[in-house]
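See structure below.
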Amino acid sequence: MEKISRMKWRPTSESFSRLPLRDDNAAWAPDFIHNLGIFETQDAETPKDDALGLLKLASEVEHAVLVQYLYGASSISSGNAASVQAKNKLTRIAVQEMLHLLSTQNLLIALGGPSALHLERDVLRARSDLNPMSFDLEPISRLTLAKYIITEMPAKIPDVTLNDRVAKLKDMVSQNGNVQAHRVGAIYAPLMWLFQSDDDPIGPLHLSTDLGFRPGWHLKPEDFIDPAIIVKHAATRDEWRATGATYVLDAIQSMDAGRQLLTKLSSQGEGWDGNQDSHFYEFIELLDLFDAGNLTFNELPNNPAGRVKPPFDSPTVAPITDSYTILWSDLFDIRYTMIVLDIAYSLSLPRDNPQRGKVIELCFDDGMVPVLGLLADKLTSLPLNDDRSKGFAAPTYGCIFQALPTDSDSLLALQRTALLREESTLTAIKSHGNFGTDQDGSELIAQFADQGGFHDRRKLVFHA
């Protein structure tokens, strides 16, 4: 299936269209409808085209925010109990966002099979001045938390005091940001309309044509592919270790199931159903801790960048110019890209392929926490520039490959390419003049390069 590359994050005829609104819209009508319009995929000829485009955009947004939350978590030190609590909370939210990303893949699989997979981050999302928020790898601050709160906020906040507080945060962000911050819900509401069987308003959002949604613009049962293919490829809770009640990940085969999954995702993010454990309310709690002065921090730069530059919606960049540090950022970006490839490659394989389980296991045990965590810690101990005048570096989260294929053979080829890049990067680090006096770096590289190490184990799985 052809990638939808013509999408842009704009409520105009170039990408998305604002549908006409009546003056007597229901009081529920969320602000984003009035301010942004109802978004649609450009040139979508059918509701299925529209759903596929919006889901691909949603997946990029989920991918982007989970990385930003991880970076924010790394800026919180473990100096006291409140800081440990905040760091753990933000990391848990990032994990939940990763499962939201997997859920969007399940929705794409249900409509288009594995050829509809979309694990990119900056192909559709970055080309816009109307993102929920720009892509900023930035340490936690009051402004950062305000961006997170606005991104996750529900359309309506029943508590008047909290609503006024959030309105002030939104004003602060609009005065200090390069984009008009708004809710991720601006993407999910039209998706929920598409997954309705008809125009009759249903809970929990009670969307209607009176709010500007297009009459009859809904998916049909025949828009879903063969259930046997869905079962073969969809991500499951067990294989992705999402067995706890706080995790959302479902395989779906119908409009009702798809709408229910979208409802769960929206609820966990926005908390409009009173869910106090939602990301919105969790970020409010983090802001309370910040305002009380209870948190301690690591000093990190905004948007550290090695050879892989941040997406062009990042408002500022802190380039890494130290020749030794930039090699470590290369290694970090390779490993981060490998994780993205692991997700894409595993979902491209049927569940009865033993390679699928091996790749997912590798993604967890030699990817997300152990390896990225070690490399992130290493980068925060290295200088941004040669004379150390600009402080220390930080994890860069650069996507080496942007437009990803969806077939397993091409994804396997990219995995092998990434392994070759890692091998040459490990050699370059060991050959650098600073390596001989870098005891911590030497020990870390040994975990990669020794027989049975991180690099060797990946080679065995991918037969490289």
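The values are calculated or read from the model by the stated rules, or taken from the named source; none is laboratory data. Please read these numbers as outputs of a predicted model, since none were measured by experiment. Using ideal geometry, Cβ is built from the backbone for each residue, glycine included, and neighbour counts are taken over all protein chains shown. Ligands, DNA and RNA are stripped out before the accessible areas are found, and what is left, the full protein with its side chains, is counted by its heavy atoms. Shrake-Rupley method; radii C 1.70, N 1.55, O 1.52, S 1.80 Å.
Points to keep in mind about this one:
- Considering only Cα atoms, the convex hull volume of segment 387-432 works out to 93 Å³ per residue.
- Relative to the dominant Cα principal axis of the chain, helix 185-194 is inclined by about 50°.
- 31 Å Cα-Cα threshold exceeded, pairs from LYS56/LYS358; LYS89/LYS358; LYS147/LYS220; LYS48/LYS309: LYS147/LYS220; LYS48/LYS309
- Sequence-distant aspartates and glutamates (8 or more away, or on other chains) whose Cα lies within less than 16 Å of LYS232: ASP250, ASP352, ASP407
- Share of Cα-Cα pairs in segment 80-193 lying beyond 23 Å, as whole percent: 41
- Approximate spin-label separation ASP386-VAL84, in nm, with each point projected 7 Å along Cα-to-Cβ: 4.3
- Stretch gain in nm, segment ASP277-ASP226, where the contour uses 0.36 nm per residue and the Cα spacing is subtracted: 14.8 nm
- Normalised per residue, the accessible area of the chain is 39 Å², obtained with a 1.4 Å probe and no contribution from ligands, DNA or RNA.
- Share of Cα-Cα pairs in segment 144-276 lying beyond 22 Å, as whole percent: 50
- Using a probe radius of 1.4 angstrom, the carbon and sulfur fraction of the accessible surface of the chain is 51%.
- Tail fraction, Cα-Cα pairs, segment 134-193, threshold 20 Å, whole percent: 28
- Alpha-carbon centroid distance for the pair segment 375-446 / segment 230-289, whole angstrom: 32
- Estimated inter-spin distance, PHE435 and HIS206, nm [label 7 Å along Cα→Cβ]: 6.5
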